[in-house]
Structure formats: C-alpha cells, structure tokens
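Quick notes on the structure that follows.
Every number in this text was worked out from the coordinates using simple rules, so none of it is lab data. What you see is a predicted model, and the numbers here were worked out from it, not measured in a lab. Counting neighbours? That spans all protein chains shown, and the Cβs are built from the backbone with ideal geometry, glycine included.
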Amino acid sequence: DPDPSLFISAYIWDIQVRRVMIDGGTSLNIVSSKSFQQMNIPPSCMCANPTMLRSFNDAITSTLGTMILNIHVGP
C-alpha cells in the first residue's frame, strides 16, 4: 500500500523545513533536538515539561519540553 502521508515545505522560525508531515490525526508533533538547535531557537522559548514517550517497539524516551512554533506555509 502506498504511504498516504502528505509532506510539505514550511518555514518555522524563518528557517525552511523541507519535510513537514501533515496529519490531522496526530496529537503530538516532535522536532528533534538537532533540528531545534539548527533553527537557533532560544531554549528560553521552551517550557520545561518533560514527557515520557513509548515508541512502537516499546523503547522509552523523554521530550525536553513543549513550545508553540510559528509556521508559515504558502506565499
């Protein structure tokens, strides 16, 4: 079966992100710490709120926190 996911390009904090997945059913959106650092987003913009996550293979990891990202899509 083909992957029904929709990917677009968008600007997050004035940085072009080439693969943003659009999924109306997702309740959690994750930005890797590497991407976060490459965007030069000040850590002070993040609300320290670590959350434990369990992946499909039962691996457990923790988020660094939460934040609101301003995203620009389109002309």
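Among the residues of the range 51-65, the ones that are surrounded by fewer than 11 Cβ atoms within 10 Å (Cβ to Cβ) and part of a loop (DSSP other than H, G, I, E, B) come to 5 in all. Exactly one residue out of Ile68, Ile30 is of a type in the set (A, V, I, L, M, F, W, C), without any contact (Cβ under 8 Å) to a residue 24 or more places away in the chain and in a loop (DSSP other than H, G, I, E, B): that is Ile68.
Inspect all residues belonging to the range 39-50 and state whether any of them is in a strand (DSSP E or B), free of Cβ contacts under 8 Å to residues at least 12 places away in the same chain and surrounded by 10 or more Cβ atoms within 10 Å (Cβ to Cβ). No.
Residue by residue, here is whether (1) under 22 Å from His72 (Cα atoms); (2) under 15 Å from the mean Cα position of the chain (by Cα) holds:
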| site | (1), (2) |
| --- | --- |
| Val20 | yes, yes |
| Asn29 | yes, yes |
| Gln38 | yes, yes |
| Ile41 | yes, yes |
| Ser44 | yes, no |
| Leu53 | no, yes |
| Ile60 | no, no |
